[in-house]
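The values are calculated or read from the model by the stated rules, or taken from the named source; none is laboratory data. A quick note: this is a predicted structure, and the numbers were derived from the prediction, not measured. Cβ coordinates were reconstructed from backbone atoms using ideal geometry, including for glycine residues, and neighbour counts include every protein chain displayed. Accessible surface is based on the protein model in full, side chains and every heavy atom, while ligands, DNA and RNA are left aside. Shrake-Rupley method; radii C 1.70, N 1.55, O 1.52, S 1.80 Å.
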Amino acid sequence: MHKVGLIVNPIAGMGGKVGLKGTDGSEIVALARKLGATAEAPFRALQALKELEILKDSIEIIACPGAMGESVAKKCGFKVGIIGPAKEETSAEDTRRAASEMMKLQIELLLFAGGDGTARDIYSSIKDSVPVIGIPAGVKMHSSIFALNPKRAGELALLYLTGKVKELREAEVMDIDEELFRKGVVSARLYGYLKIPFERRYVQNVKAATPPSEKYEQEAIAAEVVENMEQGCIYIVGPGTTTRQIMQLLGLDYSLLGVDVVSNGKLLAKDVSEKQLLEIIDDKRSKLIVTPIGGQGYILGRGNQQLSPRIIKKIGKDNIIVVSTKDKLHSLKGAPLLVDSGDGEVDEMLAGYIKVITGYKEYAVYLVSF
């Protein structure tokens, strides 16, 4: 009987669609709920566990009560061993305590659904004593311990438990200061390393910083985008240093790490939520400008959850403009651009080849996958 630990951080990712860029701290969680945020992590954990259902008669899931793991494990029909007391509100301390308790029960693999903060809590409790697979469910996921998406997390767990993936590697646990992040400052820190079952096709890279030498390329990309902007069209500008140059060329205020909306050379709204975006675009002609995360290649689903499946469906694949410097594409070493919208149908719609603006009158055709 395989013994697998499962920790779900119920509040992970709640701040994404409402534009809060994370949910560290009880005040931010309360604000996210006030803004209409709903729990994302349990659904994403369920997506991962479904890939393990073929082994459900030979797996015991060790989980915390209710939304921290028990509910989704039972929904998939697994035998569940419950640890710890039931709680209405959970905290980082609950995650740390659960990880420690699971170690005492000699689990052979720990699955967790959350973001970088959850990864930090688990690392502080178990270090590298047991293999871990992160089910991406947070707003910020700079660490390399996460699978590409929840489905891939489950597939990788299945391969490891059946002995088809045996290699273990150290993977970085990174996190940023959320308070600074909300002010547009990215201050990342390496906290340590966790062991992960390794298969290149299933796990994400650590996020890479943008080198200063890319500024000229970014300005050339901005010139190409601005020159081709259409009157009467709404442009949704995603976060990033490359898209920032577009806003600067237009002479508009912007949120480096948020989502802004422009039309006819004017700023319609800054740092918007999913709800605000839906109200702004309604049935109007709209286009979306996004840039991949350096080192990881995500264009949707990491740090821009305001661009939800509902938004993407309204806009359509043909109205998504991808911009990237050549260095950023080269850093992917042939790996595809990635999407993890949380909706399988949307991810499939976006898959395939797409045009990427790489300079003034310069383009590349690049593969998008999930």
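Structure notes:
- Long-range neighbours under 7 Å by Cβ, at least six apart or interchain, first residue open to solvent by less than 30 Å² (accessible area, probe 1.4 Å) within segment 245-257, second among the aliphatic types (A, V, I, L, M) and part of a helix (DSSP H, G or I): Gln245/Ile221; Gln245/Ala222; Ile246/Ala222; Ile246/Val225; Ile246/Val226
- Considering segment 40-124, there are no qualifying helices (runs of 4 or more DSSP H) wholly inside with 3 or more residues that are among the acidic types (Asp, Glu) and open to solvent by 60 Å² or more (accessible area, probe 1.4 Å).
For every residue, the table says whether it meets (1) surrounded by 15 or more Cβ atoms within 10 Å (Cβ to Cβ); (2) hydroxyl-bearing (Ser, Thr, Tyr); (3) on the phi > 0 side of the Ramachandran plot; (4) modelled with pLDDT of 95 or more.
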site	(1), (2), (3), (4)
Gly184	yes, no, yes, no
Pro197	yes, no, no, yes
Ala209	no, no, no, no
Glu214	yes, no, no, no
Glu230	no, no, no, yes
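- Of residues in segment 125-139 being open to solvent by less than 10 Å² (accessible area, probe 1.4 Å) and small (Gly, Ala, Ser), the one modelled with the lowest pLDDT: Gly138
- Scanning segment 274-285 for residues that are open to solvent by 10 Å² or more (accessible area, probe 1.4 Å) and not in a loop (DSSP other than H, G, I, E, B) gives Glu274, Lys275, Gln276, Leu278, Glu279, Ile280.
- When Glu101, Glu93, Glu60, Glu108 are checked against the criterion of being more than 26 Å from the chain's Cα centre (by Cα) and under 21 Å from Tyr123 (Cα atoms), a single residue qualifies: Glu101.
- The listed residue being out of contact with any His (no Cβ under 7 Å at 6 or more places or on another chain), touching a residue at least 60 places away in the same chain (Cβ under 8 Å), more than 22 Å from Ala222 (Cβ to Cβ) and among the basic types (Lys, Arg), out of Lys317, Lys313, Lys284, Lys275: Lys275
- Any hit, segment 329-339, residues being modelled with pLDDT under 95 and more than 18 Å from Leu148 (Cα to Cα): yes
- Close pairs from segment 99-113: first within 20 Å of Val72 (Cα to Cα), partner open to solvent by 40 Å² or more (accessible area, probe 1.4 Å), Cβ under 8 Å, at least 6 apart: Glu101/Gly84; Ile107/Lys3; Glu108/His2; Glu108/Lys3; Leu109/His2; Leu109/Tyr160
- Identity of the residue in segment 148-165, part of a helix (DSSP H, G or I) and open to solvent by 20 Å² or more (accessible area, probe 1.4 Å), that ends up nearest to Leu55 (Cα to Cα): Leu158
- Near pairs, Cβ below 9 angstrom, 6+ apart or cross-chain, from segment 331-357 (among the aromatic types (Phe, Trp, Tyr)) to any residue that is surrounded by 18 or more Cβ atoms within 10 Å (Cβ to Cβ): Tyr353/Tyr366; Tyr353/Val368
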